[in-house]
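One structure below.
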Amino acid sequence: MELSDIARDERGTLYEIPIMIAFVGVALAIGIGERSWWKGPVYAALGMAVLFGAVVACVAVTEKLEEIPLLSKLLGSRVWDRAGALFGYALGVLGCGALAAFVSIFAAPMLSDTTQGQLALMRGMALAGAACGAFITYRARRQPPRF
């Protein structure tokens, strides 16, 4: 599978959902930290626009590079497929781990009175979120094409 095919993939795997969840968490964190209702969403939207713009630019450049025979052989190799899978898992782990870490900021003080207990709960929730992200990505990658 070529990179341009991956960019047009419509299997319903939705790798961007963990990214969007992380950006919503960033928007809330900035908004609460700055005590402003508009700064968090604006900064998060700008960050998301920059990220997706960079992805679109990389895909456009890669489509042009696929015309070079040596690079097309590399992009068709199993190494490239493994790198794509690794990137998908990294997005799932980071996105869900960031969301769980954000939730743990509010949940840990309610569940433990000591600082050490709160820190342990926060670490555990972040690790559990990361594991959940890996599992979700694993299940999503094994789904049959839906479209």
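The values are calculated or read from the model by the stated rules, or taken from the named source; none is laboratory data. Because the structure is a prediction, the values reported are computed rather than measured. Neighbour counts are summed over all protein chains in view; Cβ atoms, including those assigned to glycine, are modelled from backbone coordinates with ideal geometry. Calculation scope for accessible area: heavy atoms of the full protein, side chains included, ligands and nucleic acids excluded. Shrake-Rupley method; radii C 1.70, N 1.55, O 1.52, S 1.80 Å.
Using a/c under 1.5 as the rounded threshold, could you call the chain rounded, prolate or oblate? The axes a ≥ b ≥ c are square roots of the C-alpha gyration tensor eigenvalues, and prolate needs a/b larger than b/c, oblate otherwise. Here the chain falls in the prolate category.
In order along the stretch 96-108, the Karplus-derived 3J(HN,Hα) couplings, from 6.51 cos²θ - 1.76 cosθ + 1.60 at θ = phi - 60°, round to 6, x, 5, 5, 5, 5, 5, 5, 5, 4, 8, 7, 4 Hz, and Gly and Pro are given as x. Take the alpha carbon gyration tensor of the stretch 69-147, find the square roots of its eigenvalues, order them as a ≥ b ≥ c, and report rounded if a/c is under 1.5; if not, report prolate when a/b exceeds b/c, else oblate. It is prolate, given that a/c is not under 1.5 and a/b is the larger ratio. Exposed loop sites are taken as trypsin sites (Lys or Arg not before Pro) in a DSSP loop (any state but H, G, I, E or B) with at most 11 other beta carbon atoms within 10 Å; the longest stretch of the chain without one runs 36-141. How many angstrom lie between the C-alpha centres of the stretch 74-90 and the stretch 98-147? With the stretch 74-90 and the stretch 98-147 each reduced to a Cα centre, they are spaced 25 Å. Think of the stretch 38-147 as a dipole: +1 on every Lys or Arg Cβ, -1 on every Asp or Glu Cβ, centred on the Cα centre; then among Ala85, Ser104, Val61, Ala85 lies furthest on the positive end. Measuring with a 1.4 angstrom probe and ignoring ligands and nucleic acids, Val56 comes out at about 100 Å² accessible. Backbone geometry of the stretch 21-28 corresponds, through the Karplus equation with coefficients 6.51, -1.76 and 1.60 at θ = phi - 60°, to 3J(HN,Hα) couplings of 5, 5, 5, 5, x, 5, 4, 5 Hz, x marking Gly and Pro. Surface composition of the chain: carbon and sulfur atoms hold 71% of the protein heavy-atom accessible area at a 1.4 Å probe.
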